[in-house]
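What follows is calculated from the coordinates using simple rules that are stated; it is not laboratory data. Note that the structure is a prediction, hence the values are computed from the model and not measured. Using ideal geometry, Cβ is built from the backbone for each residue, glycine included, and neighbour counts are taken over all protein chains shown.
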Amino acid sequence: MNARYEALRTQAEEALHHCLPESKGYAKVLLASARYSLLAGGKRLRPVLVLAAANAMGVSVQEAMPYACAIEMIHTYSLIHDDLPAMDNDTLRRGRPTNHVVYGEAMAILAGDGLLTHAFAHLAAQALRYPMRAQAHLRAIRAVADAAGLEGMVAGQSVDVYCEKRGCAPDESKGQLDYIHQNKTAAMIRGALLAGAELGDPSEATRRAFSDYGEALGVAFQVADDILDATSTTEIMGKTVGKDAAVGKLTYVALYGLEESKARLEQLTQQAIRAIAPVDTDKFFAELAQDLLIRKN
Ligand code: GRG
């Protein structure tokens, strides 16, 4: 990733260390469990997107940072819950044992619940600091909620889980796969961009540019993830790979094969770059899409 990405990632990383209550008192194990996963590293892609979109709209890092932290809290909750035995039953995440392996299933569920709820408390607190800009903050909070909820990530995950456990009709698999990618993965990537953009009162055309870029980039990100699951190693990825094929998961590679998946990834990347061009004056977003195309983890 380029130097600007790394600079934004470092700022977000620092802020993440201060956004949760300290692990003390009777609930200290819950708080330790939430901190364990939130502070385990990762690419911090979604926080960087929030900050970069806000910056493109002339909004300060200070005003946008709680959105960057909140979206990473929500992303982290989704990873904790996704790794649970009832879902993907994974033991490795971000190069460390998964939350439930360390803290037990019940605490992992509660840590996820807590991170999701705390994210919105964090956002409401920030909106209250800007009473003159309440509309912009409410629209940004709405973008986060829409991305995460029953018409976004959770909905996508539900179809993914349903297809894996119950099987999906073969003639519907292409539509279902698109739905899973657009919601499980792309919704939060698009939501991060929209949250940052909404803070700057965007025009309809600018909102559309961020939305279309986020959608294409998000689906590309998941196609790349499907390719990496089939071709990379557990050491490089920091999570178990090769499981998709082993459990017969509906993925891009399973449905279209490796070569067509790579071609689709390239096509989606170009689509994303075209969509963001009108607002991408310094080409940060285009470069990011290119970097994600060749990502190794
Ligand atoms: C449990 C509600 C609920 C949702 C789970 C995010 C998710 C939805 C599941 C994780 C499994 C998976 C492969 C999702 C696709 C999105 C994805 C590639 C997530 C991992 O995001 P990265 O690569 O992870 O940005 P880091 O660790 O870098 O933050």
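Side notes on the structure shown:
- Residue tally, condition in contact (Cβ under 8 Å) with a residue 40 or more places away in the chain and over 18 Å from the mean Cα position of the chain (by Cα), over the range 63-86: 1
- Some residue of the range 57-69 being out of contact with any Cys (no Cβ under 6 Å at 6 or more places or on another chain) and within 11 Å of the ligand (Cβ to nearest atom): no
- Residue within the range 37-56 that is more than 16 Å from the ligand (Cβ to nearest atom) and surrounded by fewer than 19 Cβ atoms within 10 Å (Cβ to Cβ) present: yes
- L84 being under 22 Å from G149 (Cα atoms) and either not hydroxyl-bearing (S, T, Y) or not in a loop (DSSP other than H, G, I, E, B) (or both): yes
- Some residue of the range 2-17 being in a loop (DSSP other than H, G, I, E, B), touching a residue at least 24 places away in the same chain (Cβ under 8 Å) and within 21 Å of G104 (Cβ to Cβ): no
- Any hit, the range 200-215, residues being within 16 Å of the ligand (Cβ to nearest atom) and either surrounded by 14 or more Cβ atoms within 10 Å (Cβ to Cβ) or assigned to a helix (DSSP H, G or I) (or both): yes
- Every listed requirement among (1) crowded, with 24+ Cβ neighbours inside 10 Å; (2) more than 14 Å from the ligand (Cβ to nearest atom) is met by T76 save one, (2).
- Inter-residue pairs, beta-carbon under 6 Å, first under 12 Å from D90 (Cβ atoms) and in contact (Cβ under 8 Å) with a residue 12 or more places away in the chain and in the range 232-248, second within 12 Å of the ligand (Cβ to nearest atom) and hydrophobic (A, V, I, L, M, F, W, C), 6+ apart: T234/V241; K239/L92; T240/L92
- Filtering V154, V144 for residues that are crowded, with 20+ Cβ neighbours inside 10 Å, under 16 Å from T76 (Cα atoms), β-branched (V, I, T) and within 16 Å of the ligand (Cβ to nearest atom) leaves a single hit, V144.
- Yes/no for A187 being out of contact with any Phe, Trp or Tyr (no Cβ under 8 Å at 6 or more places or on another chain), within 10 Å of the ligand (Cβ to nearest atom) and assigned to a helix (DSSP H, G or I): yes
- Test: L110 is in contact (Cβ under 8 Å) with a residue 40 or more places away in the chain and of a type outside the set (V, I, T): yes
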